[in-house]
Amino acid sequence: MSQPEIIAATNFIRNMIVQQREAGQQQKVITRFPPEPNGFLHIGHAKSICLNFGIAQEFGGDCHLRFDDTNPEKESQEFIDAIKEDVNWLGFEWTGDVRFASDYFEQLYDWAVNLINTGKAYVCELSAEQMREYRGTLTEAGTNSPFRERSVEENLAEFSKMRAGDYPDGAKVLRAKIDMASPNINLRDPILYRIRHQEHHQTGSKWCIYPSYDFTHGQSDAIEGITHSICTLEFEDHRPLYEWFLDNLPVPCKPVQTEFARLNLNYTVTSKRKLKLLVDEGVVNGWDDPRMPTISGMRRRGYTPKSLRDFCDMIGVNRAGGVVDLGMLYFALRSDLEHSAKRAMVVLNPIKVVITNWEEGREELLTSPSHPAREEFGQRTLPFTKELYIDSDDFMEEPPKKFFRLAPGQEVRLRNAWVIRCDEVIKDAAGKILELRCSYDPETLGKNPEGRKVKGVVHWVSATHGIPAEVRLYENLFQVESPDSDKDVDFLDHLNPDSLTVVEAICEPSLASAQAEDRFQFERVGYFSADRYDHQPGTKLVFNRTVGLKDSWAKIQQKKG
């Protein structure tokens, strides 16, 4: 697979590497993307993927994909497979085989023994609650564990028994012996190993003790020869611990950790815990629900790899943080789809139109470009018949001034076809409109009518040849800009009850052959994608709305404010 073109946007990490190379300090750049396989990747991970793989690509280096799989209770092969697929779908390939921190468990265990032998680690029997009490606060120093001064021999024996499975979960832990009075709480004798009698997705039942993320992460980087350990700012306070391990263990190299601001997107939640809750509570239909900010969900909704890469390039890399407006993501998406999506006509809320002066049984096959600017996309055929469908939003019985669509006695052009005039509105006994009876002007195909102006243009589909389709209209999942900022309010209270509306639409015949994940601009309506799983070409058409043609959603939010 060819790597995508990466725009070398200036940022402080790139500038740092350029300076290192100019000073002769760096020969080969080796980065890594190290997700924990405890959920699907989200839009924030896309930024990290683009950064790590992009830096390696720009400087002719390597980027590893490594799963930091230290908590088997929350991890699964499903998440591993989804993450690999997401990275590939975004357009990137990792160097060599997929790596796992669990590949290094034996080495990590040996290094833990090394810390015990040098008097820098001990087995502690405090309960979790006691450990929290002993830890202290941001303003008060912690208290040494009563087990802190065990002998090396006793600690080695206890740690060996922990590995052998002699103790139940939570009975004991291995802790580093650093400084319980440190102003950085991460250095107050952090946990290195916990007892977990849990099957591991990679190592099976070989281990019943598992290393902590902090103990695993830096040493895994060192084993792999990572030159730039790039992570988000919440790990900045962990950097002294990262460096303490590297300084106190016989590691083959000492990677340098550099932090950047994570992506915060308004009207969006990216906490894995909260995303999991949305899935577990049935608020959404899985991790790849098109309303989710997961890469898989965005892919299913119709986002393109390029649009996400472009968005990550637009927002840049810095340490300042802040919140990115959702409109910027939509801009990147529309910019790509405008160029890459074929055109089609689809009526979402059909109302029948009968052309009274059109001969019974007559059909005309009109043609239109599949894309106005891309000849290679070819032409599509549009059958025109006596009975058509237009969208009910394009008709008003009592229109306001400057309503340029269809109304009684008013004319409108059918897109790529003739001008029609509404002559009669047919209703049932309850007053519901059943159909519109219209006449067409046969002299207006491809040209304006004589002596009058027709301003409105509406889309249509032949009632005879139109194909039914399920169309899922997605909106943002949350109604407020910061759904999880108020700790006193459940973020679920901010859910948008109209985040999904399903309609039965009528499509032009060309869409019968649409394949799963094909993307289209439904003319005058928005951008849509054939559903990745439910769409069946020729038998069951299912389309997801990706984004509207204009940023009407943002305007609605402004009016609400």
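Could you compute how fast region 435-549 diffuses translationally, taking Rh as the Kirkwood radius over C-alpha pairs and applying Stokes-Einstein at 37 °C with viscosity 0.692 mPa s? Give it in µm² per second.
The Stokes-Einstein estimate is 189 µm²/s.
Excluding K272 itself, what net charge comes from residues whose Cβ is under 10 Å from its Cβ, given Lys and Arg +1 and Asp and Glu -1?
Charge balance near K272 sits at +3.
Isolated Cys in the chain by the 4.7 Å beta carbon test?
C63, C124, C208, C231, C253, C422, C438, C507
From the gyration tensor of the Cα coordinates in the chain, what semi-axes in whole Å does the equivalent ellipsoid have, largest first, with each one equal to sqrt(5λ)?
60, 24, 20
Mind jotting down the distance between the C-alpha centroids of region 167-220 and region 264-319, whole Å?
One Cα centre to the other: 31 Å.
Note down the net charge around L126, summing +1 for each Lys or Arg and -1 for each Asp or Glu among other residues with Cβ under 13 Å from its Cβ.
+4
Report, to the nearest 10°, how far helix 326-340 tilts away from the longest principal axis of the Cα atoms in the chain, using its own Cα long axis and a range of 0 to 90°.
60
Do any GluC sites (Glu not before Pro) in region 444-483 lie in a loop, going by DSSP, with at most 12 other beta-carbon atoms within 10 Å of their beta carbon, and if so which?
E450
Would you mind putting 380-388, 157-165, 228-236, 397-405 in packing order, based on average other-beta-carbon counts within 10 Å, highest first?
Top of the packing list down: 380-388, 228-236, 157-165, 397-405.
Can you list residues whose amide H is under 5 Å from Q410's amide H, if they're 5+ apart or on another chain and H is modeled 1.01 Å from N?
C422
Where does the Debye-calculated log10 I(q)/I(0) of region 342-560 sit at q = 0.08, 0.09, 0.12 Å⁻¹, using only Cα point scatterers of equal weight, no solvent?
-0.34, -0.43, -0.73
Calculate, in nm to one decimal, what K84 and D393 gain on full extension: separation in residues at 0.36 nm each, minus their alpha carbon distance.
That works out to 106.9 nm of additional length.
Say the cut-off is 19 Å between C-alpha atoms; which of K74/K272; K401/K427; K177/K206; K74/K161; K172/K276 go over it?
As for pairs spanning more than 19 Å Cα to Cα, those are K401/K427; K177/K206; K74/K161; K172/K276.
Could you please report the charge total around F12, scoring K, R as +1 and D, E as -1 over all other residues with beta-carbon less than 12 angstrom from its beta-carbon?
With Lys, Arg at +1 and Asp, Glu at -1, the neighbours total +1.
Just to check, using Stokes-Einstein with a Kirkwood Rh over alpha carbon pairs, what's the diffusion coefficient of region 374-487 at 4 °C and 1.567 mPa s in µm²/s?
76
With a Förster radius of 25 Å, plug the Cβ-Cβ distance of E360 and N448 into 1/(1 + (r/R0)^6) and report the FRET value to the nearest 0.05.
0.30
For a quick protection proxy, order the peptides 310-317, 103-110, 519-526, 442-449 by their average other-Cβ count within 10 Å, most packed first.
Ranking, from highest mean packing down: 519-526, 310-317, 103-110, 442-449.
Which whole-number percent is the relative contact order of the chain (Cα, under 8 Å, 6+ apart)?
11
Of W287, L365, M396, which is farthest along the charge dipole of region 277-420 in the positive direction, counting Lys and Arg as +1 and Asp and Glu as -1 at C-beta?
Highest projection toward the positive end goes to W287.
So what is Rg over Rh here for region 105-212, counting just Cα atoms and using Kirkwood for Rh?
Across region 105-212, the Cα-based Rg/Rh ratio is 0.98.
At 7 Å along the Cα-to-beta-carbon direction for both Q515 and K254, put a label point, then send me their distance in nm to one decimal.
Rounded to a tenth, the inter-label distance reads 5.3 nm.
Using DSSP to call loops (not H, G, I, E or B), can you name the GluC sites (Glu not before Pro) in region 1-105 whose Cβ has at most 16 other Cβ atoms within 10 angstrom?
Hits after loop and neighbour filter: E5, E73, E93.
How much FRET efficiency would the formula 1/(1 + (r/R0)^6) give for Q19 and T118, where r is the Cβ-Cβ distance and R0 is 35 Å, rounded to 0.05?
Computed FRET efficiency for Q19 and T118: 0.45.
Can you give me the C-alpha center-to-center distance between region 381-407 and region 433-493, rounded to a whole angstrom?
11
Using only Cα atoms, tell me the angle between helix 305-315 and the longest principal axis of the chain; keep it within 0 to 90° and round to the nearest 10.
It works out to around 70 degrees.
Bear in mind that the values in this text are calculations on the coordinates, not laboratory data. None of the values given here were measured: they were computed from a predicted structure. Please note: Cβ atoms are built from the backbone with ideal geometry, for glycine as well, and neighbour counts cover all protein chains shown.
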